[in-house]
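The values are calculated or read from the model by the stated rules, or taken from the named source; none is laboratory data. Nothing here was measured: the structure is a model prediction, and the numbers come from that model. Here Cβ is always computed from backbone atoms with ideal geometry, including for glycine, and neighbour counts include all displayed protein chains. Just so you know, the surface numbers come from the protein's heavy atoms only, side chains and all, with ligands and any DNA or RNA stripped out. Shrake-Rupley method; radii C 1.70, N 1.55, O 1.52, S 1.80 Å.
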Amino acid sequence: MENGKRQVVVSALQFACTDDIPTNLATAERLVRAAHAKGANIILIQELFEGYYFCQAQREDYFQRAKPYKDHPTIQRMQKLAKELGVVIPVSFFEEANNAHYNSIAIIDADGTDLGLYRKSHIPDGPGYQEKFYFNPGDTGFKVFQTKFGKIGVAICWDQWFPEAARAMVLQGAEILFYPTAIGSEPQDEGLDSCDHWRRVMQGHAGANVVPLVASNRIGKEIIETEHGKSEITFYGNSFIAGPTGEIIASANDKDEAVLIAQFDLDKIKSKRSSWGVFRDRRPDLYKLAAPSAQGKNGTLGVAKQLHHNIG
């Protein structure tokens, strides 16, 4: 914040991971410090940055990468860094919780306080992204965290494809949305490039909810030994920061390490969000299909009647 005003500077980091935890932590810390030097208040590191994106394979030994939330060494290290620099850092990690496992993120406030945990709600399952083998569906629900620099909503990767998740966080008061990510090429289809689709979907979340949005994705080629041989993903980076109308404020490319920065006036955006009317004019009572008993043989009669009633 500057001079008591609600100006906040956000940052998205982008880098290639090795499969060595100390090396990745050193890279993350170096880039957090670089973002802080540029004035950042809230700094987003990419999803599961401690190592390779291991979900290309279904391997029992990879469960050994999970650690309990309590006294997690990476979270503790980032708590010290956040307190030293006075910045907010969401910290993504592979969580072990008794016999359950989650793709989780801890939100560290600017004084080093751990504000709590979010567990990824939507778990993908497809070639190269076999997360259902490792992660239970999150049980925290979508959450908002009151940080020193404002209320933030943080969700994880596949969550970013669902407009309901973004809306749920903003309805709880989120003023900025953050999405740590690991996404790239598709092992089953070399011609499929989801990058532009990925960005447009999130730009829509920003514009539909009139909030800034920060997405951090990794870069680099990662090769994992699977039960069927080697699997390879080239992560496409393109981390970005969008403004409250969905406009791109800052963007990285698909190859280079990056520290993105953008500044927002949260009070000004709040006024615009209120005056735009999308939350005033919501009709959640209408956002459902008609009951089955009201539908005709083709299943559309009830909906048609409902629409006629709504506009008649």
Can you list the residues, at least 5 places off or on another chain, whose amide H is less than 5 Å from the amide H of F178, using H built in the peptide plane? G153, V154, A155, V214
Want the number for F279 to R77: 0.36 nm per residue separation, take away the alpha-carbon distance, what's left? 68.8 nm
Estimated 222 nm signal from helices in the chain, with DSSP H stretches of n ≥ 4 weighted -39500 (n - 2.57), rounded to 500: -7500 deg cm²/dmol
Under Stokes-Einstein, region 210-290 at 37 °C and 0.692 mPa s, with its Kirkwood radius over C-alpha pairs, diffuses with a coefficient in µm²/s of 203 µm²/s
Roll a 1.4 angstrom probe over the protein heavy atoms and tell me the percent of accessible area of the chain that is carbon or sulfur. 52 percent
Going out from 0 in 5 Å bins, what whole percent of all Cα-Cα distances in region 26-179 drops into each bin? 2, 10, 19, 22, 20, 16, 9, 3, 0
Based on the mean of other Cβ atoms within 10 Å per residue, sort peptides 39-45, 164-170, 271-277 so the most packed one is first. 39-45, 164-170, 271-277
In the full protein assembly as shown, how much of D193 is accessible to a 1.4 Å probe, in Å² to the nearest 10? 110 Å²
What nm value, rounded to one decimal, do you get for the distance between R30 and T18 when each label is placed 7 Å out toward the C-beta? 1.0 nm
Could you give me the ³J(HN,Hα) list for region 15-23, computed from phi with Karplus coefficients 6.51, -1.76, 1.60 and θ = phi - 60°, whole Hz, x at Gly and Pro? 7, 8, 8, 9, 9, 10, 4, x, 5
Show the residues, 5+ positions off or on another chain, whose built amide H is closer than 5 Å to the amide H of L44. S11, A12, L13
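Pairs of Cα atoms under 8 Å, at least six residues apart: use those to get the relative contact order of region 1-61, whole percent.
In percent, rounded to a whole number, it is 45.
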For K148, residues with placed amide H under 5 Å, excluding near neighbours: A110
Report the local net charge at K270: Lys and Arg +1, Asp and Glu -1, summed over other residues whose C-beta lies under 10 Å from its C-beta. +1
Spacing of the two label points (7 Å from each Cα toward its C-beta) at Q58 and Q263, in nm: 5.1 nm
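May I ask which of K148/K270; K143/K272; K80/K272 have a Cα-Cα span longer than 25 Å here?
K80/K272
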Just the accessible area per residue of region 27-76, please: how many Å² with a 1.4 Å probe? 41 Å²
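Taking only Cα atoms of the chain, what ratio of Rg to Rh do you get with Rh as the Kirkwood inverse-distance radius?
Expressed as Rg/Rh, it is 1.00.
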Heavy atoms of R30: accessible area, 1.4 Å probe, square angstrom to 10: 120 Å²
